[in-house]
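S.K.: The following block contains the structure, expressed as structure tokens.
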Amino acid sequence: MKVDIFTDGSALGNPGPGGYGVILRSGRHYKEISAGYRKTTNNRMELMAVIAGLEALKKPGTEVCIYSDSSYVVRAVEEGWLQNWIARNFRNKKNTDLWKRYLDVASKHKIRFVWVKGHAGHPQNEKCDRLAVAAASAGEEFLEEDRGFMDAISLSPEAHPDELPGWTNG
């Protein structure tokens, strides 16, 4: 079985309210997933979208192609940055909680990533963007708390999980 997973994350302010959108597609099967958080970052939502898509898969060993406009996520996996972070026990790395969660769920499948240019007319990426923005805009009472983000900023008040010099997302 092969599944295509399309993902996007959004933060309205960085940090600020955030959300993610996911489309899973396999043959005639199609599913959309989204969720929003009170205070988070764009990079966290980009990674959370990938995790949510993978966690929705029921059959281990699934062949998965993940389409993302996040240079942060795609390059971390495809260019070996994640393996280097693991080797250094994630020392001084942001979003460690989500990267460990990704590693756990990713170990169950055969995954490859494809980077797509954001806001460039890719139909599934545009739909995921709409899902992510709608989730982030749902209103305080409908948004979840991003515990990982809140824990990180409580440890270091000046910490910002997206501080990666020279990087842009989407």
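Computed from the coordinates by the stated procedures, all read-outs in this text should not be read as laboratory data. This one's a predicted model, so the numbers in the text were calculated from it and none came from an experiment. All Cβ positions, glycine included, derive from the backbone under ideal geometry; neighbour counts span all protein chains shown.
S.K.: Could you give the nm distance between label points at Leu103 and Met1, where each point is 7 Å from its Cα heading toward the beta carbon?
M.R.: Placing both labels 7 Å beyond Cα along the Cβ direction yields 2.7 nm.
S.K.: Please list the three semi-axes, largest first and in whole Å, of the ellipsoid equivalent to the chain, using sqrt of 5 times the eigenvalues of its alpha carbon gyration tensor.
M.R.: Working: eigenvalues 108, 78, 42 Å².
Output for the chain: semi-axes of 23, 20, 15 Å.
S.K.: Turning to a different aspect of this structure: Report, by chain and number, residues whose modeled amide H sits under 5 Å from the one on Glu144, excluding near sequence neighbours (fewer than 5 apart, same chain).
M.R.: Gly36, Tyr37, Arg38
S.K.: With Rg and the Kirkwood Rh both taken from Cα atoms, where does Rg over Rh land for segment 1-100? Walk me through the intermediate numbers first.
M.R.: Numbers: Rg = 14.0 Å, Rh = 14.2 Å.
My calculation puts Rg/Rh at 0.99.
S.K.: Based on the Cβ-Cβ distance of Lys39 and Thr96, what FRET efficiency does E = 1/(1 + (r/R0)^6) give at R0 = 30 Å, to the nearest 0.05?
M.R.: Numbers: r = 18 Å, r/R0 = 0.60.
The calculated FRET efficiency here is 0.95.
S.K.: Ok, one more. Just rank His109, His119, fewest to most, by other beta-carbon atoms within 10 angstrom. Each step should come with its number before you reach the end.
M.R.: Values: His109 17, His119 11.
Placing the least packed residue first, the sequence is His119, His109.
S.K.: Which percentage, to the nearest 5, of the DSSP beta bridges contained in the chain is antiparallel?
M.R.: Numbers: 18 of 31 bridges.
Roughly 60 percent of the beta bridges in the chain run antiparallel, per DSSP.
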